[in-house]
Amino acid sequence: MRITPAEVAALALSIKVALLSLVFTFPIGLFVGWLLAKRTFPGKSFLNTLVLCPLVLPPIVSGYLLLILLGRNGLIGGFIYQVFGIEIVFSELAVVIAVSIISFPLLVRGIVTGMESVPLELENAARTLGASPIKVFWTITLPMAYRGVIGGTILGFSKSLGEFGATIMVAGNIPGKTQTMALAIFSAVHLGEDVSVYRLVFISTIVAFVALWLTERFTLR
Amino acid sequence: MADSPQIKLDFRKSLGSFILDINCTLETKVSAFLGVSGSGKSTLLNCVSGILTPDEGEIIFGGEVLYASASKINLPPEKRRFGYVFQEGFLFPHLTVAQNIRYGQPKRRKPSAAIDVLELGEFLQRYPSELSGGQRQRVAIARALAMEPRMLLMDEPLASLDTALKERIIPYLHHVKDAFDIPILYITHAFSEAMALADEAFLIANGEIIASGEPHGLLAAPSAMPIAQLTGIENILFLPVTLSDKAKGVTSLEIEGQSLVIPYTEAEIGETVPIAIRAEDIIISLEPDLSISARNTLRGTIQHLDVKSEATWISILVEWHHLAVKITHQAREQLQLKEGLEVYCVIKASAINRLWE
C-alpha cells in the first residue's frame, strides 16, 4: 500500500510547478492588481477582462490557445524556437505557463479586493507626509491589503496544484516529466488502478482542504 | 518670532458644476477659512496640499512656486512638506501611535516635540482603534507636526468631536500655535474656532471668498449677521469677570454696565473670557421684570430684522455688542417687533458656554 515513486514524482511536480508559477505571477499580480484597484487609464476594463478570461473560459480552451501560441509554429513558440532552439510545449515550463495563466485571475482578484479596501484618503494622507507613491504602496497599500493578497495567493496556489485542462493540452501527460497530480489521477482512473486513485485523491483532498482553511484564517477576522 | 512666509493662492478648480475660484494672499500666522459644508473649503485645502490639481492659476509659498499652470509646475504632495490634519484623522490603522507619528518624520530624529505638546506620551504603543476621538485627533496633529512641515493645513480638525471635547482640544491647538513657528491654514465652519485661533479669517461661500479680515472685526460688524446665519454660529462675546463664586456655581460677567451670569468657570476677577450663546437660545421679551427662572435679562435695541424662510433673524444692539437672535415668524408678528424697538434678551445661564480656557 506504499505510495509509489511515480505518485511521489507527480506530487512533487505539482508542488514545484505551483511554487514556480507563484514566483512568476506574484510580482506581476501585485502590479496588475494595483493598476486595476488604484489607477484609471485607457483600456482598464479591457485589461481586467483579459486577466479574468481564464476564469470563465474552459481550461481546455485556454490550453488550446496556449498550444497555438507556444507551439513551434506559434507566434511566441516559433520565435523562441528560432532564437534559442528551445521547444516550450510538452515541457515542465509549459506546465508552469499553463497553471500560471489559469491561476492568475484568482491571485489578481484577491489582490484587487484587498487593495480596493484601502481608502484613497489614507494613501493621500501618506503622500502629504512626504511619502512617494512607491513608499505609499509598500507602507500603506500593501500592508493594509494583506488579507486579500494572502487570500488570492493561497487560492491561486491551490488552483495551480490541481490544474488539469490547460496543462494536458499544452504539456501533455508525460510521467516523470509533465505528469502532475491531477494528470496522474486521470491516468490511474483510465488504467483502472483503483488503489493508486484512492491515494492520490486522498492527498489532493487534504492539500485542498488545508489551503482553503488557511485562506479562511487569513482573510476572515 | 520670524515673519510668516507670504502665501499666494490664486487658482480655479471646477468639480462638476461647482467652481472654486480663489484669489488671496495669506500673511499672518494663522489664517482661517470659514464656510458651510459645500462651500469649497476642503477642495481649497486639497489644492494647496497637492492632493488635487487646480485647473488653472498659481500657488506660491514664500517665493517658491508650488503650482503654476502657465509654466506647468505642479509639485506633488510629498514634495510640498505641508502637514495636513484631516477632519476624520485618517490615522494609519495598522500602525501604532508612535509609528503613525514617525511616518513622515525625517530619519534619525529624536521623538517629536509634538508628542509632549499634545500629551501623547502614554499612548505611543496603542493602535488608533484603541483611542478616543479626541486622542486620535491629537495624534493626527502630532503626526502632521512631526514631519517638520513648512505649513500646517487643518481641515475641520475638531468637527468630528463633541463640544466638550472641542473645548479641551483648542488649548492644544494654542500650544501648537505657540510652540511651532509655522503658518497654519485652518478650515472650519465654526466661527468660535476661527476666533479662538486665527489672526485673519476668510469667509468662503459657493467657492469664492466673500469677506476677509481680522476675525473679531468680521463678526462685530452688523454685516456679520448673514455670516452668522451662514456659518450657523452662536453669538460670541468677550466679557470681563466681575464675580466668581465656586460655592454657588456661578460666574458673573459685565456687559457694559449690565450683568450676565454664567455657570461657574475658573477665571480671575477682571479677566476677559470668551463666551458663546446660540442665536436660538435667546428669548425676546418686551418687559424687563419677568417672574421666570432664567437668570439674565439684557436691555437692548433692535437694530435690524431679517425675515428668512425658516425664521426671523434679529440683530440686537446691547450697547455696542451685537446679538444675533433667531425667533419664529409668529413670535415676531405677535410681539410686533420692528427696528429701533427697545427689547429685553432673556438668556438662561446654562445656555451660555465659555469657549475655551
Out of (1) within 17 Å of the chain's Cα centre (by Cα); (2) within 29 Å of A:MET115 (Cβ to Cβ), the odd one out for A:LYS38 is which?
(1)
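Could you run through segment B:8-19 and say how many residues are out of contact with any Asp or Glu (no Cβ under 8 Å at 6 or more places or on another chain) and in contact (Cβ under 8 Å) with a residue 40 or more places away in the chain? Break it down into steps so the answer makes sense when it comes.
Taking segment B:8-19 and keeping what is out of contact with any Asp or Glu (no Cβ under 8 Å at 6 or more places or on another chain), we get B:9, B:15-19.
This time we only want the ones that are in contact (Cβ under 8 Å) with a residue 40 or more places away in the chain, so: B:9, B:18-19.
The total comes to 3.
If I filter segment B:103-112 down to residues being under 30 Å from the mean Cα position of the chain (by Cα) and at the interface with chain A (Cβ under 10 Å from one of its Cβ atoms), which single residue comes out as surrounded by the most Cβ atoms within 10 Å (Cβ to Cβ)?
Here is the first cut: in segment B:103-112, the ones under 30 Å from the mean Cα position of the chain (by Cα) are B:103-105, B:111-112.
From the residues that got through so far, the ones that are at the interface with chain A (Cβ under 10 Å from one of its Cβ atoms) too are B:103-105.
Details: B:TYR103: 21, B:GLY104: 25, B:GLN105: 19.
Applying the filter and picking the extreme gives B:GLY104.
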Residue pairs, Cβ under 7 Å, 6 or more apart or interchain, first in segment A:127-144 and more than 7 Å from chain B (Cβ to nearest Cβ), second in a loop (DSSP other than H, G, I, E, B). List them.
A:THR139/A:ALA131; A:THR141/A:VAL118
Condition (residue is facing chain A (nearest Cβ under 10 Å), closer than 20 Å to B:PHE11 by Cβ and in contact with a strand residue (DSSP E or B) (Cβ under 7 Å, 6 or more places away or on another chain)) applied to segment B:73-80: is it met by at least one residue?
yes
Of the residues A:PHE24, A:PHE90, only one is on the phi > 0 side of the Ramachandran plot and in contact (Cβ under 8 Å) with a residue 24 or more places away in the chain; which?
A:PHE90
Exactly one condition in (1) over 18 Å from A:ALA94 (Cβ atoms); (2) surrounded by fewer than 23 Cβ atoms within 10 Å (Cβ to Cβ); (3) touching a residue at least 40 places away in the same chain (Cβ under 8 Å) is not met by A:GLY156; state its number.
(2)
Looking at (1) closer than 19 Å to B:SER259 by Cα; (2) surrounded by 20 or more Cβ atoms within 10 Å (Cβ to Cβ); (3) not charged (D, E, K, R), can you tell me which one B:LEU317 breaks?
(2)
Within segment B:44-65, the residues that are away from every other protein chain (no Cβ under 11 Å) and surrounded by fewer than 21 Cβ atoms within 10 Å (Cβ to Cβ) are B:THR53, B:ASP55, B:GLU56, B:GLY57, B:GLU58, B:ILE60, B:GLY62, B:GLY63, B:GLU64, B:VAL65
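Filter segment B:66-83 for residues that are among the charged types (D, E, K, R) and in a loop (DSSP other than H, G, I, E, B); which is surrounded by the most Cβ atoms within 10 Å (Cβ to Cβ)? Spell out how you get there, then give the answer.
Of segment B:66-83, the ones among the charged types (D, E, K, R) are B:72, B:78-81.
Next, from what is left, pick out any that are in a loop (DSSP other than H, G, I, E, B): B:72, B:81.
Details: B:LYS72: 7, B:ARG81: 18.
Selected residue: B:ARG81.
Restricting attention to segment B:114-128, and to residues there that are more than 17 Å from B:ARG168 (Cα to Cα) and touching a helix residue (DSSP H, G or I) at 6+ places or on another chain (Cβ under 7 Å), which single residue is surrounded by the most Cβ atoms within 10 Å (Cβ to Cβ)?
B:PHE123
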May I ask you to verify whether A:PHE84 is closer than 14 Å to A:LEU107 by Cα and surrounded by fewer than 16 Cβ atoms within 10 Å (Cβ to Cβ)?
no
Would you be able to tell me the number of residues in segment B:169-214 that are in contact with a Lys or Arg (Cβ under 7 Å, 6 or more places away or on another chain) and small (Gly, Ala, Ser)?
0
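Select from segment B:166-198 the residues that are charged (D, E, K, R), modelled with pLDDT of 85 or more and crowded, with 18+ Cβ neighbours inside 10 Å and list them in ascending order. Lay out the reasoning, then the answer.
Applying the first criterion (charged (D, E, K, R)) to segment B:166-198 yields B:166-168, B:177-178, B:181, B:193.
Those still in the list that are modelled with pLDDT of 85 or more too: B:177-178, B:181.
Correct list: B:LYS177 only.
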Qualifying helices (runs of 4 or more DSSP H) (wholly inside segment A:30-89; at least 2 residues being of a type in the set (Phe, Trp, Tyr)):
A:75-84
Residue by residue through segment B:24-43, note down the ones that are away from chain A (no Cβ under 14 Å), among the small types (Gly, Ala, Ser) and touching a residue at least 60 places away in the same chain (Cβ under 8 Å).
B:SER31, B:ALA32, B:GLY35, B:SER37, B:SER39, B:GLY40
Only one of A:SER160, A:SER103 that is modelled with pLDDT of 95 or more, more than 30 Å from B:SER42 (Cβ to Cβ) and among the polar types (S, T, N, Q)
A:SER103
Among the residues of segment A:90-102, is there at least one that is part of a helix (DSSP H, G or I), farther than 21 Å from A:GLY151 by Cα and among the acidic types (Asp, Glu)?
yes
Looking at the structure I just gave you, is B:GLU333 farther than 13 Å from B:ASN296 by Cβ, surrounded by fewer than 14 Cβ atoms within 10 Å (Cβ to Cβ) and in contact (Cβ under 8 Å) with a residue 12 or more places away in the chain?
no
Any chance B:GLN99 is modelled with pLDDT of 95 or more, within 11 Å of another protein chain (Cβ to nearest Cβ) and surrounded by 15 or more Cβ atoms within 10 Å (Cβ to Cβ):
yes
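The values are calculated or read from the model by the stated rules, or taken from the named source; none is laboratory data. Since the model is a prediction, treat every value here as computed from it, not as a measurement. No Cβ is skipped: glycine too gets one built from the backbone with ideal geometry, and neighbour counts run over all protein chains shown.
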